[in-house]
């Protein structure tokens, strides 16, 4: 588990709450002794949910770095917390990452400072949710699909966007999607 946290933290060290126009770091500085993280539930655990899932304590014991975790339930919550400041890293999903990049909340990273960068699948190294104009603002940690499934009785044609979830509209069966379609 220690290795998982070390990998996570080296990947997650991509979201620094600094001006986006600041130059990426050229070397790793002195440890500050504390790391403030915004994370999805289950991404950084102390064993509170499941005792076997304590990834933080070993890291703290081995590095002397105290990890403070603020759990966020949505991408909007993550972006709001990062915009408030006081956090060093975030385990944001792609939609939040791009908002943080566009908002100037995060700084470009130097992938040469990540020892395990070359072990990342090349298809994910330059992923569009953390790389903009050839500049890296994040690193992949986990990924998964957001699958849009639909009932062919309600939709005469396959939906082409998530608008069927968020915007009221008449479905192929002639009835409104209100109360029938959910995320």
Which is surrounded by 14 or more Cβ atoms within 10 Å (Cβ to Cβ) and over 21 Å from residue 89 (Cα atoms), of 137, 150? 150
Pick out the one residue from 60, 77, 51 that is assigned to a loop (DSSP other than H, G, I, E, B) and either farther than 15 Å from residue 104 by Cα or without any contact (Cβ under 8 Å) to a residue 60 or more places away in the chain (or both). 51
Here is a check on your reading of the model: is residue 105 under 20 Å from residue 38 (Cβ atoms), part of a loop (DSSP other than H, G, I, E, B) and out of contact with any strand residue (DSSP E or B) (no Cβ under 8 Å at 6 or more places or on another chain)? yes
Kindly indicate whether residue 72 is at pLDDT 90 or above and under 22 Å from residue 124 (Cα atoms). no
Take residue 109 and decide whether it is surrounded by 11 or more Cβ atoms within 10 Å (Cβ to Cβ), touching a helix residue (DSSP H, G or I) at 6+ places or on another chain (Cβ under 6 Å) and closer than 23 Å to residue 23 by Cβ. no
Expected single match for within 14 Å of residue 40 (Cβ to Cβ) and either in a loop (DSSP other than H, G, I, E, B) or touching a residue at least 60 places away in the same chain (Cβ under 8 Å) (or both) among 150, 141 is 141
Which residue out of 114, 101 is at pLDDT 90 or above, farther than 21 Å from residue 80 by Cα and either surrounded by 11 or more Cβ atoms within 10 Å (Cβ to Cβ) or within 22 Å of the chain's Cα centre (by Cα) (or both)? 114
For the stretch 56-69, what are the residues that are in contact with a strand residue (DSSP E or B) (Cβ under 8 Å, 6 or more places away or on another chain) and surrounded by 16 or more Cβ atoms within 10 Å (Cβ to Cβ)? 56, 59, 67, 69
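The values are calculated or read from the model by the stated rules, or taken from the named source; none is laboratory data. All of these numbers come straight from a predicted model, not from anything done at the bench. Backbone-built Cβ (ideal geometry, glycine too); neighbour counts: all protein chains shown.
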